[in-house]
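To keep things clear, I will list the structure first and then write my remarks on it.
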Amino acid sequence: MRYEGNIFRPFSEANSYLLQCTIGCSNNQCTFCGMYKDKKYRVRQIPEIMEDIAMAKDSYGDLEKVFLCDGDAIVLETDTLLAIVKKLYSTFPSLRHVGSYVGPQSTLSKSMEELKALRAAGFTKAYIGVETGDDDLLKKVKKGVGYEQMLQAGRNLVAADINLSAMVLLGLAGRGEASRKHALATAKICNEMKPQYLAALTVTPVPGTVLYKQVQKGEFELLDPFETIEEMKQIFENITADNLKFVGTHASNYLPITGTLQKDKEKMIKTVDDVLKSRDERLIRPDNMRGL
């Protein structure tokens, strides 16, 4: 398979064939993200992408899952994206899933008719980096959109029947009252967006990023492990959306926890409370076992 630069995917796409459709991310301004800093954004030539699909067929035979890389494949022209998705399904008879990271700006550039056409063609899952529901914080970390635009992008995907996983970042606001504001606003946007999945990661300073430099200069204070877990608890407590699958097993998290809100809410909060009461570091993931 041919790839340019480092390739990233959600952990739930571990068994997917990774098809690189764009190089880098169309936004690539987020202060906390170091994923695509070594790449200049561009769209790959369609003949190259089609050649890669043929190469995958020769190498793997049949496939059930495909993930479109890099950071924001939905930015492609809709006709182009439809052609790629249709080619995948015609090439792999057992294919049942095509997913991609999606940026809020790129998603908003698609009409509802376009999003529904993508879903009808077999584009089944979108992963959107919501990060926070705090409007000021969204702008501070340079997501490129504010609360209302982020919310609308997510709602449009849900309305198009595309399975939506919203990703949020614990600790993104730093310490103090900012942490609580971030948690409450994040619960609020999830309640209004109603994604099928909510995936939490813990902010981790990556060398070369703006956030890393802020930490080094003492301009940003990271939450300690228990403050991070407290922030996660506040999100749990304030989510009222039903049948929301929370996925907290990412390697960056101090306390791996999953469950379905509201069904498992009391059990999830109790698990967190037990850790917060004991402050026993043996109950959390040590830093040397955490990663991105």
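Out of all the residues in region 188-198, is one or more out of contact with any strand residue (DSSP E or B) (no Cβ under 7 Å at 6 or more places or on another chain) and crowded, with 19+ Cβ neighbours inside 10 Å? No. Selection over region 1-40 of residues that are part of a helix (DSSP H, G or I) and in contact with a Gly (Cβ under 8 Å, 6 or more places away or on another chain) gives a count of 1. Residues in region 148-206 that are charged (D, E, K, R), over 17 Å from the mean Cα position of the chain (by Cα) and not in a loop (DSSP other than H, G, I, E, B): Glu148, Glu177, Arg180, Lys181, Lys188, Glu192. Checked against the criterion of being out of contact with any Pro (no Cβ under 8 Å at 6 or more places or on another chain) and at pLDDT below 95, the candidates Ser278, Ser179 yield just one match: Ser278.
Against the criterion of being surrounded by fewer than 21 Cβ atoms within 10 Å (Cβ to Cβ), without any contact (Cβ under 8 Å) to a residue 24 or more places away in the chain and not charged (D, E, K, R), Ser94 does not qualify. Of the residues Lys270, Lys277, Lys265, the single one that is closer than 24 Å to Ser12 by Cα, among the basic types (Lys, Arg) and more than 21 Å from the chain's Cα centre (by Cα) is Lys265.
For region 6-29, a tally of residues being touching a Ser or Thr at 6+ places or on another chain (Cβ under 9 Å) and either modelled with pLDDT under 95 or of a type in the set (S, T, N, Q) (or both) returns 6. Taking every residue in region 254-283 that is without any contact (Cβ under 8 Å) to a residue 12 or more places away in the chain and pairing it with any residue that is surrounded by 13 or more Cβ atoms within 10 Å (Cβ to Cβ), at least 6 positions away or on another chain, the pairs with Cβ-Cβ distances below 7 Å are Lys267/Gly259.
The values are calculated or read from the model by the stated rules, or taken from the named source; none is laboratory data. These figures come from a predicted structure and were not determined experimentally. All Cβ positions, glycine included, derive from the backbone under ideal geometry; neighbour counts span all protein chains shown.
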